[in-house]
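Have a look at the structure below, then the notes.
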Amino acid sequence: MTDCLFCRMVGGAIKPDIVFENDHILAFNDISPQAPVHVLVIPKIHIATLNDLNDTRLGGEMLEVTASLATQLGIATDGYRTVFNCNTHGGQTVQHLHLHLLGGRQMSWPPG
Ligand code: AMP
Ligand code: ZN
């Protein structure tokens, strides 16, 4: 999908600050970080929202990659926040599935 920002990253037209990549998944630093660590983990195929994810293997791999990155980035022990924003009420602004990995500071609850 050439009109999708994250698909354009997967295709190489836009170069994000990549922290992990394999055949199915790309992870890169968020351009507007909300914490000292703020990584987005995305599937390489276009899936618009969490509502559209029907691949348990891919979803599980996204979670595994995210937890592994938390360890590699040194935030696993202190802890971190993972977030899927979905559609309008969830505050989703990019319509390509992505899992936020946030850490390096104390998170508050409830989220805004
Ligand atoms: P969401 O609001 O959940 O859809 O998250 C979209 C995220 O994408 C936001 O945290 C943005 O800061 C981030 N973002 C938007 N454009 C870029 C970009 N070019 N490179 C990296 N992250 C981006
Ligand atoms: Zn896309």
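The values are calculated or read from the model by the stated rules, or taken from the named source; none is laboratory data. Being a predicted model, the structure only gives us computed values, none of them experimental. For neighbour counting, all protein chains shown are included, and Cβ atoms are generated from backbone atoms with ideal geometry for every residue, glycine included. To get the accessible areas, we keep the full protein, side chains included, count just its heavy atoms, and leave off ligands, DNA and RNA. Shrake-Rupley method; radii C 1.70, N 1.55, O 1.52, S 1.80 Å.
Counting heavy atoms of the protein chains alone, residue 93 has an accessible area of about 120 Å² for a 1.4 Å probe. The alpha-carbon positions of the chain define a convex hull whose volume is 107 Å³ per residue.
To the nearest 500 deg cm²/dmol, what mean residue ellipticity at 222 nm is calculated for the chain from DSSP H runs of n ≥ 4 alone, each contributing -39,500 (n - 2.57), summed and divided by the residues? Don't skip to the end; give the middle numbers.
Details: 3 runs with 28 residues, N = 112.
Value at 222 nm, helices only: -7000 deg cm²/dmol.
Can you sort 73, 40 by 1.4 Å-probe accessible area, starting with the largest?
On the way: 73 70, 40 10 Å².
Accessible-area ranking of 73, 40, largest first: 73, 40.
Centroid-to-centroid, using Cα positions, segment 36-112 and segment 1-23 are 16 Å apart. Local charge for residue 58 was computed over the other residues whose Cβ lies under 12 Å away, with Lys and Arg +1 and Asp and Glu -1, and equals -3.
Between the helical axis of 56-72 and the dominant principal axis of the chain, each derived from Cα atoms, what acute angle in degrees is found, rounded to the nearest 10? Orientation of helix 56-72: about 40 degrees from the principal axis. Database remark: amide H of residue 53 closer than 5 angstrom to no amide H (H placed geometrically; neighbours at sequence offset of 5 or more, or on other chains; Pro and chain starts carry no H).
Sequence-ordered 3J(HN,Hα) estimates for segment 35-44 from the Karplus curve with 6.51, -1.76 and 1.60 and θ = phi - 60° stand at 7, x, 10, 8, 10, 10, 10, 10, x, 6 Hz, glycine and proline given as x.
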